[in-house]
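J.: Mind looking over this structure? Questions follow.
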Amino acid sequence: MILAVSFNTTEDISAAVPVFEHGAVLRTDQITSYPGGKALNAARALSILGSKVFLTGICGSESLQRLENFCAQYGIKASMETAQGSNRICLIINESEKHSETVINSESSFPAPGKPAALVLKKIQAQSKKSSFVLFSGSLPSGLPADFYAKAIEKISDRKKVMIDASSRYLFHAIKAGPGIVKINLKELEDAFSVNLKSMAKLEKFAALLSSKYKIWLFIVTLGESGAMIYSSGKHTYHPPCAVKNIVSPVGSGDAFAAGLLYGLSNNMGIAQSAKWANAAAAANLSSKGACFFTKEDVLNYL
């Protein structure tokens, strides 16, 4: 089983238009809404690939039933702690002709999120003992301190099985707790530590430095169209992406990558083969609408 933790669950609203025109009235017949957030996206992708997934975290009380129904539809066991109100809105505007998207995220406004978060920490401590891997992904509610991921990671006795996939300021604090696996894109890594890593030599040196300092055994930096760089056991390896002819939407591709990687690792595949699953899942996501709504057959075709 893989434990996924979503502290800042969203309600995603995705609208597709050929081209976004500022100041214009646009029409579309492609508006979808679904529970989201990076951890939930990855959990769904893992379940689609065939992994057993347990999801915990914080959910707005008014959004709980919808989230539970959605998770059940995808075979995800969910046990969320509730905070008063609804999940925050994430608006995604997809431009089909440009193969690009604009994401507008709102901040969560949960009152006293620390109370449900404390209960989630207890679940993490208990469920992590039964899990092959633990995934922390996404942002944190505005009412929680930026270092809360570090506190959550510290609840896990075997930190080698912890993966953190969070944006710059959350990673900056979380990495100090020594997660075994770090997955981040290049820009977020640069922003987190205020460094310029445009050359591969600088990137390799910095990945090695962080891995040694914080006991990270698997450090993954996604590089967009250049694939991913992975540092482990003193070696840097590069893993090219799959060629995707018809890109539909890049939304959620990083979450699909994380899911593919954990799927491979949890099935005792080596790093290279797990990276192939990661890139295949990301490619399948690029070829589908919304975040992580592909099928396993889609992934196998790219694999």
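The values are calculated or read from the model by the stated rules, or taken from the named source; none is laboratory data. Only a predicted model underlies this, so the values are computations on that prediction, with no experimental measurement involved. Methodologically, a virtual Cβ is constructed for each residue, glycine included, from the backbone with ideal geometry; neighbour enumeration extends over all protein chains shown. Note: areas computed on protein heavy atoms with side chains; ligands, DNA, RNA excluded. Shrake-Rupley method; radii C 1.70, N 1.55, O 1.52, S 1.80 Å.
J.: Tell me, please, whether a residue that is hydroxyl-bearing (S, T, Y) and either in contact with a Leu (Cβ under 9 Å, 6 or more places away or on another chain) or over 13 Å from T9 (Cα atoms) (or both) can be found in segment 53-68.
T.: Here is the first cut: in segment 53-68, the residues hydroxyl-bearing (S, T, Y) are 56, 61, 63.
Checking the rest, the ones that are also either in contact with a Leu (Cβ under 9 Å, 6 or more places away or on another chain) or over 13 Å from T9 (Cα atoms) (or both) come to 56.
Yes; the residues of segment 53-68 include at least one that is hydroxyl-bearing (S, T, Y) and either in contact with a Leu (Cβ under 9 Å, 6 or more places away or on another chain) or over 13 Å from T9 (Cα atoms) (or both).
J.: When the residues of segment 175-199 are filtered to those that are open to solvent by less than 10 Å² (accessible area, probe 1.4 Å) and outside any strand (DSSP E or B), which remaining residue is farthest from N279 (Cα to Cα)?
T.: The extreme case among them is A177.
J.: In segment 255-271, is there at least one residue being modelled with pLDDT of 95 or more, in contact with a strand residue (DSSP E or B) (Cβ under 7 Å, 6 or more places away or on another chain) and farther than 29 Å from T10 by Cβ?
T.: yes
J.: Right, here's the next one. Please work out if G85 is in contact with a Gly (Cβ under 8 Å, 6 or more places away or on another chain), farther than 27 Å from V162 by Cα and touching a residue at least 24 places away in the same chain (Cβ under 8 Å). Before the answer, list the steps.
T.: Numbers: in contact with a Gly (Cβ under 8 Å, 6 or more places away or on another chain): yes; farther than 27 Å from V162 by Cα: yes; touching a residue at least 24 places away in the same chain (Cβ under 8 Å): yes.
For G85, the condition - in contact with a Gly (Cβ under 8 Å, 6 or more places away or on another chain), farther than 27 Å from V162 by Cα and touching a residue at least 24 places away in the same chain (Cβ under 8 Å) - is met.
J.: Being over 19 Å from G37 (Cα atoms) and of a type outside the set (D, E) narrows it down to one residue among L265, L286; which is it? Break it down stepwise before answering.
T.: Values: L286 fails: over 19 Å from G37 (Cα atoms).
Of L265, L286, the one residue that is over 19 Å from G37 (Cα atoms) and of a type outside the set (D, E) is L265.
J.: Also, quick follow-up: In segment 232-266, how many residues are over 25 Å from E97 (Cα atoms) and either in contact with a Cys (Cβ under 7 Å, 6 or more places away or on another chain) or crowded, with 24+ Cβ neighbours inside 10 Å (or both)?
T.: Within segment 232-266, residues that are over 25 Å from E97 (Cα atoms) and either in contact with a Cys (Cβ under 7 Å, 6 or more places away or on another chain) or crowded, with 24+ Cβ neighbours inside 10 Å (or both) number 6.
J.: Any residue in segment 101-120 that is part of a strand (DSSP E or B), in contact with a Gly (Cβ under 9 Å, 6 or more places away or on another chain), open to solvent by less than 60 Å² (accessible area, probe 1.4 Å) and closer than 21 Å to D158 by Cα?
T.: Initially, segment 101-120 is screened for residues part of a strand (DSSP E or B), giving 101-105.
Keeping just the survivors that are in contact with a Gly (Cβ under 9 Å, 6 or more places away or on another chain) gives none.
No, segment 101-120 has no match at all.
J.: Something else about it: Could you check S211 against (1) assigned to a helix (DSSP H, G or I); (2) open to solvent by 30 Å² or more (accessible area, probe 1.4 Å) and say which number it fails?
T.: Just one mismatch for S211, condition (2).
J.: Can you work out which of the residues in segment 245-284 that are in a loop (DSSP other than H, G, I, E, B), of a type outside the set (S, T, N, Q) and in contact (Cβ under 8 Å) with a residue 40 or more places away in the chain is farthest from I93 (Cα to Cα)? Outline the logic, then answer.
T.: Initially, segment 245-284 is screened for residues in a loop (DSSP other than H, G, I, E, B), giving 245-252, 267-270.
So of that shortlist, the ones also of a type outside the set (S, T, N, Q) come out as 245, 247-248, 250-252, 269-270.
If we keep only those that are in contact (Cβ under 8 Å) with a residue 40 or more places away in the chain too, we end up with 247-248, 250-252.
Details: I247: 15, V248: 12, P250: 11, V251: 10, G252: 13 Å.
My answer is I247.
J.: Additional query: Take residues that are open to solvent by less than 60 Å² (accessible area, probe 1.4 Å), among the β-branched types (V, I, T) and in contact (Cβ under 8 Å) with a residue 40 or more places away in the chain and tell me which of the strands (runs of 3 or more DSSP E) falling wholly in segment 1-74 contain 3 or more.
T.: On the way: elements: 2-6, 10-17, 31-36, 53-60.
Fully inside segment 1-74 and qualifying: 10-17, 53-60.
J.: I would also like to ask the following. Being among the small types (G, A, S) and in contact with a His (Cβ under 6 Å, 6 or more places away or on another chain) is the filter; apply it to segment 133-174 and report the residue that is surrounded by the fewest Cβ atoms within 10 Å (Cβ to Cβ). Explain how you work it out, then say what you get.
T.: Residues of segment 133-174 among the small types (G, A, S): 137-139, 142-143, 146, 150, 152, 157, 166-168, 174.
Now drop any that are not in contact with a His (Cβ under 6 Å, 6 or more places away or on another chain), which leaves 146, 150.
Working: A146: 13, A150: 19.
Per the criteria, the residue is A146.
J.: Inside segment 214-240, can you point out the residues that are touching a helix residue (DSSP H, G or I) at 6+ places or on another chain (Cβ under 7 Å), farther than 17 Å from D255 by Cα and part of a loop (DSSP other than H, G, I, E, B)?
T.: Of everything in segment 214-240, those that are touching a helix residue (DSSP H, G or I) at 6+ places or on another chain (Cβ under 7 Å), farther than 17 Å from D255 by Cα and part of a loop (DSSP other than H, G, I, E, B) turn out to be I216, W217.
J.: Shifting gears a bit: If N41 meets every condition in (1) more than 15 Å from the chain's Cα centre (by Cα); (2) at pLDDT 90 or above; (3) of a type in the set (S, T, N, Q) apart from one, which number is that one?
T.: (1)
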